[in-house]
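Pasting in a structure now, in structure tokens, and then I'll have a few things to ask.
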Amino acid sequence: MIAELGLAALWLAAALAALQLYAGTRALRPGGEAVAALVRPAAVVQGLACAIAFVMLLWLFAITDLSVKLVAANSHSAKPMIFKLAGAWGNHEGSMLLWVAVMALSGALIALIERRLPEKTMLATLAAQAFVGLGFYAFLIVSSNPFERLPQPAAEGLGLNPLLQDIGLAFHPPTLYFGYVGLSVAFSFAVGALLTRQVTPEFARVMRPWVLGAWVFLTLGITAGSYWAYYELGWGGWWFWDPVENASLMPWLAATALLHSASVLAARDALRAWTIMLGVVAFSMSMVGTFLVRSGILTSVHAFAVDPERGSFILVLLTLYIGGALALFALRAGTVTEGQRFSITSREGALVFNNVMLSAVLAIVLFGTLYPLLTEAFDVRVSVGPPYFNPMGAIFVVPMLLVMTVGPLLRWRGDSIGRIQRPLILIAVIMLAALVAALALGEAGVLPLLGLALAVGLAVASFLPLRGRRLTRVPLAVWGMVIAHFGLAVALFGMASESAFSEERLAAIAVGDTAQVGPWEVTLSEVLPAAGPNWTAIEGHLLASYADGDPIALDPQSRSFWAPPQETTESALATRWNGQLYAVVGSDAGAGRWQLRLWWKPFVTFIWYGGMLVALGGALALIGRVIDDLRRRAVRVRIAERRAEEAV
């Protein structure tokens, strides 16, 4: 009965989404006041019904109900409980249900708490949210039913992809989905504002927390996913420009541009058309990512679906949502007024420049991701990787980072470079010194050297907005900006250092032999068999010494899973403040020797420390904005109460 209850809750949620869409669109027309009152309750109950459906799916995976097709295909009775639960979204159908559940709960939250916008704009927003949700409900019910029963229960489950049997699965996909769903809410707000012609600073203030929250979750998801792939796949890299990696990066780039544009609109009543357009583009990129991951056109550890019918369904949804929103923007763009003007040498000007650079990088990543798929349609196979993405992206990233060091120092509306001449000279001197120091450390490529210089300059520049201010009185939103920019500098420093100074050693050694990489000496002490709940392994016992210090034990493994059958590599890591030793044990090389692969990666951990700092900065800014909005709301309430008392 659990599966049937889940499916019934899913159908109920779909029906309520249809009611919400009808009532919301009808309320925008004359005489629609009678049904307007249905919109918010429908959104709230829809969110609850969809949440119940997802809880039922979690329950099925927790008890390993092998009469349900999805459980039998993606779980196993011997799996640890954490992987049983994570398996609920470690597949196509479950991940889509999680997506829809979060989106429905977001709509319910908007319906419950949001009262700042004109009622018609809110109704249009909820109608747009229902329109997006209804397509995904149809997709789940018609093409990807997560509650489908088998004619006969399976004797045992097939298990989850061994590469996904990691704690990263419990964290990485949900954070990305929260980010994608936040962008769907921003999209709905943009559509609602266009429909009612209410593109105002208040609209931006309402949308901004959702964009900021989505951006924080996307940042965390990408950071966690990068580290997960780094230690799990065993090839020693933290980013490979895999199409599915790019599928998460593209919405982040668009959301970053949208976040800054919405902030300018909220604070200075400028960039109205930019904000609407980026709201559409950001959600469009999340839909493109959904299509890539779930259409079956990609072969990747990240990709879930291999059914062309599902891919066609998602393509139809993508065309409907993106095409409809772009058509609406084209029709209503003329009604979006320009907003306040500003000088090129102003903070708004710097933000516009960086938004253009981000958009260019987004276009480069989108083209590089889709181009191999397009050529493959004509039986021409090409590979697009770092030789394309790195230099092409740098053309726009480098000037963007340079402007980022200056932008926060500029005044709103208009300013002059002469006023900030001293800080600019300081930053330039620091960047030049960093470049000279990097050159002295050894040979490195042009891009890593530029990255190191820019990272150091941006790290210093990120704190300059605090100069001359009493730190205890600095708003949380400003602290958030400072920490986020500093986090970006930290991550960039880690990327550049790893690219410039990494060392690799591939050796075939016998027990008792030693290999050296960077400042590390690694001795193979023994090789033993090992076993887990659903795998066996060859485990190498290593003793690693850093700079002639005391040895530490490392235990990399080469695992063999039987549910489903697959071999994986489990790396072993030793972290120091200035980098990380990465060790992988391979197969028997004969003559009593074993393959051993070692990397020394200077400051590689700064990549993920920086990502967490960026997310922390976003979270602080979000908290600060929410507090400011609550204060403004309290002031408005007090003013209204005072006026009411005076009227009496």
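The values are calculated or read from the model by the stated rules, or taken from the named source; none is laboratory data. Everything quoted here is computed from the prediction, not taken from an experiment. Every residue, glycine as well, gets a Cβ built from its backbone with ideal geometry; the counts of neighbours run over all protein chains shown. Keep in mind that these areas ignore ligands, DNA and RNA; they rest on the heavy atoms of the full protein, side chains included. Shrake-Rupley method; radii C 1.70, N 1.55, O 1.52, S 1.80 Å.
Taking the condition among the acidic types (Asp, Glu) and touching a residue at least 40 places away in the same chain (Cβ under 8 Å), does Glu33 pass?
no
In addition: Tell me, yes or no, whether the range 398-419 has at least one residue that is part of a loop (DSSP other than H, G, I, E, B) and modelled with pLDDT of 90 or more.
The answer is yes; a qualifying residue exists.
Right, next: Testing Ser560 on (1) in contact (Cβ under 8 Å) with a residue 40 or more places away in the chain; (2) surrounded by fewer than 20 Cβ atoms within 10 Å (Cβ to Cβ); (3) within 30 Å of Ser77 (Cβ to Cβ), one condition comes back false. Which one is that?
Ser560 satisfies every listed condition except (1).
Another question about this same structure. Taking into account only those residues within the range 106-119 that are buried (at least 18 other Cβ atoms within 10 Å of the Cβ) and of a type outside the set (Gly, Ala, Ser), which is farthest from Ala204 (Cα to Cα)?
Ile110
Can you give me the number of residues within the range 183-206 that are modelled with pLDDT under 90 and under 14 Å from the mean Cα position of the chain (by Cα)?
0
Taking only the range 156-195 into account, find how many residues are under 22 Å from Ala78 (Cα atoms) and either surrounded by 24 or more Cβ atoms within 10 Å (Cβ to Cβ) or in contact (Cβ under 8 Å) with a residue 60 or more places away in the chain (or both).
15
Of all residues in the range 539-568, count the ones that are outside any strand (DSSP E or B) and of a type in the set (Ser, Thr, Tyr).
0
Could you go through the range 469-478 and let me know if any residue there is farther than 30 Å from Arg631 by Cα, over 33 Å from the mean Cα position of the chain (by Cα) and among the basic types (Lys, Arg).
Looking for residues that are farther than 30 Å from Arg631 by Cα, over 33 Å from the mean Cα position of the chain (by Cα) and among the basic types (Lys, Arg), one finds none in the range 469-478, hence no.
Go over the candidates Met495, Met431 one by one and state the one that is closer than 30 Å to Arg597 by Cα and either in a helix (DSSP H, G or I) or open to solvent by less than 60 Å² (accessible area, probe 1.4 Å) (or both).
Met495
Right, something else. So which residues in the range 372-397 are open to solvent by less than 60 Å² (accessible area, probe 1.4 Å), part of a loop (DSSP other than H, G, I, E, B) and either touching a Gly at 6+ places or on another chain (Cβ under 7 Å) or of a type in the set (Ser, Thr, Tyr) (or both), if there are any at all?
Val384
Contact list please: Cβ distance under 6 Å, first residue in the range 322-336 and closer than 11 Å to Ala193 by Cβ, second residue assigned to a helix (DSSP H, G or I) and among the small types (Gly, Ala, Ser), pairs at least six apart or on different chains.
Note: pairs meeting the criteria are Val336/Ala273.
Here's a follow-up. Can you pull out every residue in the range 466-492 that is open to solvent by less than 20 Å² (accessible area, probe 1.4 Å), at pLDDT 95 or above and farther than 24 Å from Gly579 by Cβ?
Gly480, Val482, Ala484
While we're here: So, of the residues in the range 598-648 that are β-branched (Val, Ile, Thr) and open to solvent by 30 Å² or more (accessible area, probe 1.4 Å), which turns out to be farthest from Gly221 (Cα to Cα)?
If we take residues in the range 598-648 being β-branched (Val, Ile, Thr) and open to solvent by 30 Å² or more (accessible area, probe 1.4 Å), then Val648 is farthest from Gly221 (Cα to Cα).
Of the residues Ala438, Ala444, which is open to solvent by less than 50 Å² (accessible area, probe 1.4 Å), at pLDDT below 90 and in a helix (DSSP H, G or I)?
Ala438
While we're on this one: Filter the range 514-537 down to the residues that are in contact (Cβ under 8 Å) with a residue 40 or more places away in the chain and within 14 Å of Gly592 (Cα to Cα) and list them by number.
Leu524, Val527
I would also like to ask the following. Using the structure shown, decide if Leu218 is crowded, with 24+ Cβ neighbours inside 10 Å and either more than 25 Å from Ala360 (Cα to Cα) or among the hydrophobic types (A, V, I, L, M, F, W, C) (or both).
Yes, satisfied.
Same structure, new question: Of all the helices (runs of 4 or more DSSP H) wholly in the range 1-99, which have at least 1 residues that are open to solvent by 30 Å² or more (accessible area, probe 1.4 Å) and at pLDDT 90 or above?
2-27, 39-62, 69-74
Could you pull out the residue among Gly323, Gly349 that is modelled with pLDDT under 95 and surrounded by fewer than 16 Cβ atoms within 10 Å (Cβ to Cβ)?
Selected residue: Gly323, the only one of Gly323, Gly349 that is modelled with pLDDT under 95 and surrounded by fewer than 16 Cβ atoms within 10 Å (Cβ to Cβ).
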